[in-house]
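What follows is one structure encoded as structure tokens, with my remarks underneath.
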Amino acid sequence: MSWRLTLAKRPPVPLDASALTPAAVAGLSERAVADLFISVGTQPSRVGDWFRLAPTEGDVLELDGETGALDRVGAGLRDGAILVAGPCGREAGLAMRGGGLVIRGAAGDGLGMGLRGGMIEVRGDAGDGVGSAALGERQGMRGGRILVHGKVGARCGERMRRGEILIAGDAGALCGARMIAGTLVVLGDMGEDLLVGMRRGTLICARSPRALPKGFAATGTWTPSWLTLLARSWRDLPAPWAHTAQADVRVERAVGDWRAGGRGELLIWPGLPAG
Amino acid sequence: MIRNGIRIEDTFAEAFGMKATRVVVTAPNSEWAHKAAVAATGFATSVIACGVEAGIEAELDPGATPDGRPGVAMLFFAVSSKELAKQIERRVGQCILTSPGSAAFAGLDGEPVPLGKSLRYFGDGYQVSKVIGGRRYWRIPVMDGEFLVQETTGMVKAVGGGNFLVVARSHDAALRACERAIEAMRRLPNVIMPFPGGVVRSGSKVGSKYKALGASTNDAYCPTLREFTRSALEPDERAVLEIVIDGLTAEDISAAMRAGLEAITSEGSTAGVTRITAGNYGGKLGQFHFHLHKVLA
């Protein structure tokens with residue numbers, strides 16, 4: 001058994017939802033869940049002061065109502081699943097280490113910052129800094145997978161170290177900037193200053209960027225067999241990822257950014273589904 | 001027990017615990033996958049001098065390989081984890097990394113054994129890793145592109161040394177019977193017959209007149225020594241060949257032995273086979289005993 005928490009009224013400032021995890025509410029009575037501590041801005045408060053509680057079947061913790069006012073949903077999550085019925089605020093999935101977070105609406109800035117494991121799926125758009133470094137950290141996400149069905153803002157995958165970001169829509173400026181490693185896939189168009197300062201890692205895109213990024217050099221057509229493995233690992237994901245062609249893995253490849261070591265790669269893969 | 005005129009002796013094969021792994025090699029086409037696999041499993045008939053016993057388990061269609069290309073599954077058996085790891089590194093490094101267009105993947109889950117973990121350094125700093133589906137792969141730049149290799153493969157406990165001996169009235173009859181048996185046994189998964197063509201002619205006994213040797217020719221079954229030794233051969237028996245089987249489990253070996261024995265006995269004694277027996281050391285050395293009558297029951 002788990003709980004559906006419905007945010008009945010919009011708080012004056014965003015509510016920090018990081019304390020609301022499946023493990024935190026597991027096995028608790030309604031009264032005990034209502035007494036859990038949360039903070040609204042800098043002020044301590046009780047779950048029961050803001051949420052209506054309803055028991056649910058299964059293990060998924062559901063967040064409903066005015067969810068756009070919830071910051072840090074799923075922050076630090078280690079296991080279990082959270083479903084957000086609408087949009088959510090900033091820093092959803094911050095430093096998550098495992099489990100799953102599904103956001104049915106849009107996500108604010110800082111989605112999956114410092115992610116280390118687990119999977120985040122956003123059915124709408126996401127803001128700036130998807131998978132980038134958490135405040136005070138030198139590296140972006142270090143594991144896990146972020147899936148965004150819509151478009152994302154600037155600095156997507158900035159300084160990411162490991163893991164996978166899949167964007168079905170467009171990506172804003174500075175996409176993959178200062179990437180250290182990991183895999184970033186964009187089906188739509190990409191903004192200015194693409195891959196600036198990229199050290200290692202892979203950006204895979206379905207369409208050619210308007211121009212090759214500065215510091216990059218084209219290396220021709222190539223058929224890397226690891227892309228078949230990658231496409232196969234997406235088979236259980238929702239569309240359009242599940243429909244990626246596994247047989248035709250011919251890509252145009254460019255490497256760079258030479259100004260930062262030049263070990264990163266940009267792959268243009270027409271076999272990807274259209275964004 | 002007599003099957004179609006062929007006597008099945010009431011004896012058993014004695015087998016030993018081993019460590020095993022499966023490696024899948026893929027290539028742009030099945031021909032090159034096969035070439036790489038033949039090289040990687042070469043000189044691997046017996047742990048006594050080769051360090052490992054290895055063989056091709058199966059040819060794989062593109063749909064059955066991790067990267068969607070034609071492939072070959074190979075099994076490797078060794079007496080210890082350390083020796084298995086050493087042999088895998090050498091054989092993948094010298095025979096698969098070197099083969100055009102190849103890639104190598106783990107074929108078993110189990111205790112990790114390095115596959116590309118050390119080989120990656122061949123990339124001289126240009127190697128990159130990718131974690132896909134929770135598994136780490138290494139992309140090592142080579143002259144025809146990249147060698148993709150999974151970081152580790154899985155090692156499991158296994159069984160080595162299942163066997164039976166085919167005794168016949170002529171060399172030709174023994175060889176043809178063994179060929180039929182091997183054809184039937186190769187259809188089964190999880191087993192290999194590591195000797196050339198799956199057949200061995202130089203069965204051994206424990207000990208030797210020479211102190212330096214731990215094993216020597218099995219004189220009781222050598223037709224040319226009939227007059228010099230306590231022969232186990234009947235007057236009309238002129239050739240003996242042996243099939244040795246390594247398998248991931250005792251059940252796999254038992255199934256392979258059954259398939260081989262049935263392939264031989266189905267032809268009957270008119271094909272020249274007089275009896276089938278098995279090699280053992282009195283039952284005191286190996287943990288696994290495969291009684292021929294039980295295998296065929």
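General observations
- Only residues that are among the aliphatic types (A, V, I, L, M), open to solvent by 50 Å² or more (accessible area, probe 1.4 Å) and within 30 Å of B:ALA271 (Cα to Cα) were counted in segment B:140-187, giving 1.
- Meets criteria (within 30 Å of B:SER129 (Cα to Cα), polar (S, T, N, Q) and in contact with a helix residue (DSSP H, G or I) (Cβ under 8 Å, 6 or more places away or on another chain)) for B:THR229: no
- Residue in segment B:33-77 that is nearest to the other protein chains (Cβ to nearest Cβ), counting only those that are open to solvent by 10 Å² or more (accessible area, probe 1.4 Å) and touching a His at 6+ places or on another chain (Cβ under 9 Å): B:PRO70
- Options A:GLY163, A:GLY201: the member that is crowded, with 19+ Cβ neighbours inside 10 Å, in contact (Cβ under 8 Å) with a residue 40 or more places away in the chain and in contact with a Lys or Arg (Cβ under 7 Å, 6 or more places away or on another chain): A:GLY163
- Within segment A:14-44, the set of residues being open to solvent by 20 Å² or more (accessible area, probe 1.4 Å) and in a strand (DSSP E or B) comprises A:ASP16, A:PHE37, A:SER39, A:GLN43, A:PRO44.
- Residue among B:SER80, B:SER30 that alone is within 26 Å of A:SER233 (Cα to Cα), open to solvent by 30 Å² or more (accessible area, probe 1.4 Å), at pLDDT 95 or above and in contact with a strand residue (DSSP E or B) (Cβ under 9 Å, 6 or more places away or on another chain): B:SER30
- Options B:GLU237, B:GLU262, B:GLU267, B:GLU251: the member that is in a loop (DSSP other than H, G, I, E, B), open to solvent by 50 Å² or more (accessible area, probe 1.4 Å) and charged (D, E, K, R): B:GLU267
- For segment B:124-139, the set of residues classified as in contact with a strand residue (DSSP E or B) (Cβ under 9 Å, 6 or more places away or on another chain) and either of a type in the set (Lys, Arg) or exposed (fewer than 14 other Cβ atoms within 10 Å of the Cβ) (or both) consists of B:ASP124, B:TYR126, B:LYS130, B:ARG135, B:ARG136, B:ARG139, listed by residue number.
- Hits in segment A:63-78 (condition: modelled with pLDDT of 95 or more and part of a loop (DSSP other than H, G, I, E, B)): A:ARG72, A:VAL73, A:GLY74, A:ALA75, A:GLY76, A:LEU77, A:ARG78
- Looking only at residues in segment A:177-188 that are touching a residue at least 40 places away in the same chain (Cβ under 8 Å) and more than 14 Å from chain B (Cβ to nearest Cβ), the one that is most open to solvent (accessible area, probe 1.4 Å) is A:ARG178.
The values are calculated or read from the model by the stated rules, or taken from the named source; none is laboratory data. Computed from a prediction, not measured in an experiment: that's the story for all the values here. Neighbour counts run over all protein chains shown; Cβ positions are idealised from the backbone, glycine included. The accessibility values were calculated without ligands, DNA or RNA, using every heavy atom of the protein model including side chains. Shrake-Rupley method; radii C 1.70, N 1.55, O 1.52, S 1.80 Å.
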